[in-house]
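Undergrad: Have a look at this one before I ask anything.
No lab work stands behind these numbers, since they all come straight from the coordinates. A quick note: this is a predicted structure, and the numbers were derived from the prediction, not measured. Ideal geometry is used to build each Cβ from the backbone, glycine not excepted, and the neighbour counts take in all protein chains shown.
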Amino acid sequence: MKALVLNYGVGNLFSISSALRRTGFEVEIATEPKEVDLIVLPGVGSFSAVASFISRWKRELNDFRRRGVKFLGVCLGMQIMFEEGSEGGRSQGLGWFSGYVDLIKGAEKLPHVGWDVVEESKPCILTEQLDKKYVYFVHSYVAYTDFQAAMISRYGLEFPALICNDQIAGTQFHPEKSGNSGSIFFKNLVRWIKV
């Protein structure tokens with residue numbers, strides 16, 4: 001299986017690439033998308049900066065999606081899949097899920113950093129064996145959406161921790177930094193891609 005990690009030009013992409021390789025993927029890091037088994041939108045940068053980058057490739061990304069390429073968004077990479085976000089100024093996302101991304105409301109301290117429990121709310125392949133497990137978060141923004149998340153977590157409020165449909169998946173947590181829970185997620189990811 002081939003995975004492409006999209007390089008927005010900021011951040012360290014080593015962790016997510018290494019986790020994918022350990023799971024059996026052949027991984028390429030590139031600044032433009034191409035047709036592979038999985039395109040990964042990593043969790044680095046700010047929404048506005050990534051939205052600017054993504055806007056150049058929106059047509060191609062939508063074409064790949066129509067042709068059956070699967071997508072994984074991690075943290076900010078998941079957030080950019082929604083319609084818009086406020087970080088760095090209001091910007092348009094990919095619009096693959098309805099909703100907007102804004103600061104976590106009701107949190108005593110931001111960012112939300114550390115280990116927290118995820119709970120299954122809409123079972124899918126990606127949630128298997130992860131219910132009530134601890135995963136690692138680093139974020140100040142969440143998605144506000146009426147789309148039913150596959151998993152939720154809580155920090156000041158309840159928020160989507162994992163979203164998925166047949167072709168697109170996103171995690172607000174960092175599976176590449178989530179130890180055993182992350183390993184379970186990546187094994188599930190392989191099965192999800194093969195469906």
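Undergrad: Within segment 93-120, list the residues whose amide N lies under 12 Å from a label point set 7 Å along Cα→Cβ of Arg154.
TA: Within reach of a label on Arg154: 117-119.
Undergrad: For a test of the definition: using alpha carbon positions, the gyration tensor, and the 1.5 limit on a/c, classify segment 88-195 as rounded, prolate or oblate.
TA: Since a/c reaches 1.5 but b/c is at least a/b, the shape of segment 88-195 is classed as oblate.
Undergrad: Next up: Cα gyration tensor of the chain, axes a ≥ b ≥ c as square roots of the eigenvalues: rounded (a/c below 1.5), prolate (a/b > b/c) or oblate?
TA: It comes out rounded by the Cα gyration axes.
Undergrad: Sum -39500 (n - 2.57) across every DSSP H segment of at least 4 residues in the chain, then divide by the residue count to get the 222 nm mean residue ellipticity, nearest 500.
TA: After summing the helix terms and dividing by residue count, I get -7000 deg cm²/dmol.
Undergrad: Is the shape of segment 1-74 rounded, prolate or oblate, going by the alpha carbon gyration tensor and its root eigenvalues a ≥ b ≥ c, with a/c under 1.5 for rounded and a/b larger than b/c for prolate?
TA: oblate
Undergrad: May I ask you to derive the relative contact order of the chain, considering only C-alpha pairs under 8 Å and at least 6 residues apart, and to give it as an integer percent?
TA: In percent, rounded to a whole number, it is 19.
Undergrad: Using a Förster radius of 45 Å, what is the FRET efficiency between Asn180 and Arg56 based on their Cβ-Cβ separation? Nearest 0.05, please.
TA: For Asn180 and Arg56, the calculated efficiency is 0.75.
Undergrad: Let me ask something else about it. Quick one: putting +1 on the C-beta of Lys and Arg, -1 on the C-beta of Asp and Glu, what dipole do you get for the chain around its Cα centre, in Debye to the nearest 20?
TA: It comes to approximately 380 debye.
Undergrad: Across segment 31-40, in residue order, what do the Karplus-derived ³J(HN,Hα) couplings come to in whole Hz, using 6.51 cos²θ - 1.76 cosθ + 1.60 with θ = phi - 60° and x for Gly and Pro?
TA: Per-residue couplings from phi come out as 8, 9, x, 8, 6, 9, 6, 9, 9, 9 Hz.
Undergrad: Take the Cβ-Cβ distance between Val113 and Asn165 as r, set R0 to 25 Å, and report the resulting FRET efficiency rounded to the nearest 0.05.
TA: The calculated FRET efficiency here is 0.30.
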